[in-house]
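Report on one structure; see the data block that follows.
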Amino acid sequence: MKDTVKQSTYASYRSYLNKHFCVLGKILLKKLEPHTLQEFYNYKFREEGLSPKTLRNYHMALHKCLQQAVKERLLIYNPCDAVTLPSGEKPEIVVFTNDQQRALVQASYRHRYGVFIRLDLCTGLRMGELLALKWEDIDFSTAQLHVRRTINRLAKYEAHDGENKTEIVFGTPKTKNSRRTIPLTRTMADELARWKQQQAQDKIRAGDKYTDDGFIVTNEFGHYFEQKTFKDYYDRLLEDADIGHFTFHALRHTFATRALERGMDYKTLSAILGHYSVAFTMDTYVHSMDEHKRHEMDKMDDMFGMQYSISVESRPYPVLCTLSPDGCTAHVPDFPKIEVQTPTLNAALLAVKQQIQKALRQYKNPPIPTKQDQIVVPQNSVLVLVKAG
């Protein structure tokens, strides 16, 4: 099997076998019945507390193994086909609030690697994709980033006594859609250009000790990071921002949520995130939009009344002002009850404006201002337009 799947997949399958499927190894293959597998999954779910997603991963691996047995005619049918997996609530997507995101970004400018936190908030990269980036993946002329590889520490295919059982592996992204091109904002492209200058300074200071393999996320000696080490830096930044603990993946979820809040369509977002389908993107982030949907729907509250009140605040009402030796008399054609008499024109206009504002608060459907050319201006009068706002 190890020649037909990625090393990360093989490592996962072997882990499943050693930690969980070993109990099934005592059962003869031809006696492995669906009810036995059903009891196995139910026990893992109820007694060991494994999540439905984890059980689905186990089931997929076991199904593939037993399907091979069917192909080799060691089994007549695949007993996994008759199993019903436990269901459960999908884990809630955790994102930074706007205030938390603002605090994180501010703190990021105080840290050497803060630029990559900002990059992730602008692209939604997975950590393995971020740390595997090379300068050849950035096209500054078009402001685009190409996702071509990932970095992970995985169990070796074979490990001899005394050797490290794990190794750093650079591989291709996990699906075809994960190999993608992401447009960069001009601001982010400029920040990466400045980071490239920082690397050039690191290279001068380190001299012969500097390793230049073209990686973007590097320490002072040009060496790339593995995920565990970079996560430690990320945790320190969170602590500095004083916003509590978040997984690195929360940056990806936050990017997706902010993109949707700003009107990005699901198909475009799915392509940027590298999801295998638009449906998966919609299913993943539909609940994280609840707060935004409530905010947007609040704008529709009393929409028939608000529609007019919003429009009239920016449009002036005509006011007829009649001047006489005794002062100024002003009235508003659209509000017949409003009429004031003051010693001066300015005082009249101020009084009229205050009464219009008061009237607007009492109206559910305020009158639309009469057009200026529809008003007949009497002799010794002037027409003045007064904004209520």
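Pairs spanning more than 21 Å between alpha-carbon atoms, out of LYS134/LYS228; LYS209/LYS231; LYS176/LYS267; LYS44/LYS228; LYS176/LYS231: LYS209/LYS231; LYS44/LYS228; LYS176/LYS231.
Other residues within the sphere of radius under 14 Å centred on the Cβ of ARG148, judged by their own Cβ, net out at +3 (K and R +1, D and E -1). A Förster radius of 45 Å, combined with the Cβ-Cβ distance separating GLU239 from GLU48, puts the computed FRET efficiency at roughly 0.85. In a reduced charge model with +1 at each Lys and Arg Cβ and -1 at each Asp and Glu Cβ, the stretch 322-371 shows a dipole moment near 320 debye about its Cα centre. Per-peptide packing, taken as the mean over residues of other Cβ atoms within 10 Å, places 246-257, 374-385 in the sequence 246-257, 374-385 from highest down.
None of the figures in this text is laboratory data; all of them are computed from the coordinates on show. Values in this document were obtained by computation on a predicted structure and should not be read as measured data. Please note: Cβ atoms are built from the backbone with ideal geometry, for glycine as well, and neighbour counts cover all protein chains shown.
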